[in-house]
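Asks: So that we are looking at the same thing, I have put the structure below in structure tokens.
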Amino acid sequence: MQSELQGLEITKGEFKHLSGLGMDQVYRPPTWQKFLKEGCKTLITSILILISYGILATIFEQHHPLLIFIHLLAALAVIIDDLYKIITTLRSPNLLQIFDEVDRYNTIVQAVILYDHLEQAGNSQVKIDQREEVITALKIIRGDLVRALKTEKILRKNHQFISEHQELLETDFNRLIQPGSGDRSTEESRLLHQSRQLAREVHQKLKQLQQKHSTR
């Protein structure tokens, strides 16, 4: 990996630090089908805990009260964790949108890295046009996503205050959360738009490369 690509990807740890929530603390996509699927997993886990209790209770009858407490605690922990994730998901629609943007961004970074590896392996025909512009574009998008994550975190933590004093706050906070919506000059806005176009082109190149190899 070339030095300019190091640190471009937004890792799970960085995402959690910036947003205050881990990637595994929400469900995606935020649909009832997804919630039902996760609920079924929780139900199965609870049944397995019950089976575990039944087996251990027959072996260690003298520890029956302790086994009840441990297994009940485990079942409650699983259920509470599932409910917490569902509630957090429903309360964080803006974060989920940024989450999707981060996923797309990381995919582009990984695609550029893959192209570099293929080129270094001797595949001279595999080359990204305007590579420096693509790297610059990725840096701009990264900075924009970091800003959006920090902003969303602040607004989420102050949601009650904002709701209670909406008449005193003229700013459209939802607009601030959207990637690419920060206060920028015309030139910066143009460059950001161009950067996203370049990123999409890299993604398209990767798809074409995959199709080319799959037809061989």
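Asks: Every residue in region 65-104 that is surrounded by 12 or more Cβ atoms within 10 Å (Cβ to Cβ) and over 34 Å from the mean Cα position of the chain (by Cα), please.
Replies: Scanning region 65-104 gives LEU67, ILE68.
Asks: Only one of these is in the same structural domain as ASP144 (by TED's automatic domain parsing), touching a residue at least 40 places away in the same chain (Cβ under 8 Å), on the phi < 0 side of the Ramachandran plot and aliphatic (A, V, I, L, M): ILE86, ILE108. Name it.
Replies: Matching residue, one of ILE86, ILE108: ILE108.
Asks: Condition test on SER19, is it more than 30 Å from LYS127 (Cβ to Cβ), touching a residue at least 12 places away in the same chain (Cβ under 8 Å) and in contact with a Lys or Arg (Cβ under 6 Å, 6 or more places away or on another chain)?
Replies: Considered against the rule, which asks whether it is more than 30 Å from LYS127 (Cβ to Cβ), touching a residue at least 12 places away in the same chain (Cβ under 8 Å) and in contact with a Lys or Arg (Cβ under 6 Å, 6 or more places away or on another chain), SER19 comes out as yes.
Asks: Taking region 7-31 as the region of interest, how many residues are of a type outside the set (Gly, Ala, Ser), surrounded by 14 or more Cβ atoms within 10 Å (Cβ to Cβ) and not in a helix (DSSP H, G or I)?
Replies: 7
Asks: So for region 4-22 (the condition being acidic (Asp, Glu) and under 20 Å from ILE80 (Cβ atoms)), does at least one residue qualify?
Replies: Scanning region 4-22 turns up no residue that is acidic (Asp, Glu) and under 20 Å from ILE80 (Cβ atoms).
Asks: Give just the number: which of (1) touching a residue at least 12 places away in the same chain (Cβ under 8 Å); (2) more than 30 Å from ILE154 (Cα to Cα); (3) among the charged types (D, E, K, R) does GLU119 not satisfy?
Replies: (1)
The values are calculated or read from the model by the stated rules, or taken from the named source; none is laboratory data. Because the structure is predicted, anything quoted here is derived from the model rather than measured. Neighbour counts are summed over all protein chains in view; Cβ atoms, including those assigned to glycine, are modelled from backbone coordinates with ideal geometry.
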